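Novice: Encoded as structure tokens, here's the structure I'll be asking about.
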Amino acid sequence: MTRLSVVIPTQNNEDTLPAALASVAFADEIIVLDSGSVDRTRDIALGAGARVVERPYRSDGDQRNAGWAEAAGAWVLALDSDEALDSTLAEAVRGVASKDPNAGDPVAYALRFRCHFLGFPLDHGGLDRDVHVRLGRRERTRWESALHSSLIVDGPVGRLPGVVDHFTATELPGRLRKLAAYAADRAERMRASGVRPSVPRALWEPSRFFLGRVVIRGGWRDGLPGVVWWWLQSTEILLAYLLLYRRSRPGSEGPRSTGSRPA
């Protein structure tokens, strides 16, 4: 009986994928949804016993829903290729998967994430409250089709101990590529919501965000890495306003979301 399936979307993630796979080696099934990797990602996944499914990337939610459809487990865990369960969380997930899926327990679980930026763990500025629902019963959950998607749950949600270590940027160029992709997606959502670009808003919102995270919520406690992290996050907001401004000009068609998974 397949109790636990793990779904991992990938695209050229040979550097971070081994840790992700090792942290969920106890799962009954690991499904890697690969979007045209040209590095060793597929070979690493196959070597770890994962099943590789080739599928073009549209959004995180779309990819994860495809993984849910491929999964045979009663429980499914969504994990990114730059994430890894710590030992406490791995044991907790194993315990959930061993239960009767028809019992009256929660049908999904929220997990706490710990961000690592260029090798530095970040614990302040609100990151101590970085919690996402990633583990759910396959028949009672589905994903929103968006770049930053959420799990839609039909039933009660619990919380598990331990953390998911998120190695969001092991080198700066990769983080900048993600920033550009996320800014394009944010600009599209702003346009769809009727937001109009203006210089005062483009200055105020990133500044308010940065000061709120670094000063009010204590992001400065993580030192220079924490300050730079929140500066990059605020720059994403500023860049989104620039892209929205460009999109609003007569005759402009873009930019739009990239259609490829941020590496």
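Where a number appears in this text, it was derived from the coordinates with a stated rule and is not lab data. The structure displayed is predicted, hence computed values, not measured ones. Reconstructed Cβ throughout: ideal geometry from the backbone, glycine too, with neighbour counts over all protein chains shown.
Novice: With label points built 7 Å along Cα→Cβ from the Cα atoms of Arg55 and Ala103, find their separation and express it in nm.
Specialist: 2.9
Novice: On to the next question. Let's test this: bin the Cα-Cα distances of the chain at 5 Å from zero up to the farthest pair and state each bin's percent.
Specialist: 1, 6, 12, 15, 18, 16, 14, 10, 6, 2, 1, 0
Novice: Using a simple charge model, +1 on the beta-carbon of Lys and Arg, -1 on the beta-carbon of Asp and Glu, nothing else, what dipole does the stretch 149-198 show about its Cα centre, in debye to the nearest 20?
Specialist: Numbers: 8 positive and 5 negative charges, 58 e Å.
Computed charge dipole of the stretch 149-198: roughly 280 debye.
Novice: Around Arg40, with a cut-off of 12 angstrom between Cβ atoms, what is the net charge of the other residues, counting Lys and Arg +1 and Asp and Glu -1?
Specialist: Details: positive: Arg42; negative: Glu14, Asp15, Asp34, Asp39, Asp43.
Local charge sum for Arg40: -4.
Novice: Then there's this: Looking at the chain, what % of its DSSP beta bridges pair antiparallel, to the nearest 5?
Specialist: Working: 17 of 40 bridges.
Counting only bridges with both partners in the chain, antiparallel ones make up about 45 percent.
Novice: If you don't mind, another one. For a quick check: sort Lys99, Lys178 by the number of other beta carbons within 10 angstrom, fewest at the front. List each step's numbers first, then the result.
Specialist: Working: Lys99 12, Lys178 18.
The fewest-first ordering by Cβ neighbours comes to Lys99, Lys178.
Novice: Find out how many positive minus negative residues lie around Asp154, taking Lys and Arg as positive, Asp and Glu as negative, among other residues whose Cβ is under 12 Å from that of Asp154.
Specialist: Values: positive: Arg137, Arg138, Arg140, Arg142; negative: Glu139.
Around Asp154, the charge tally is +3.
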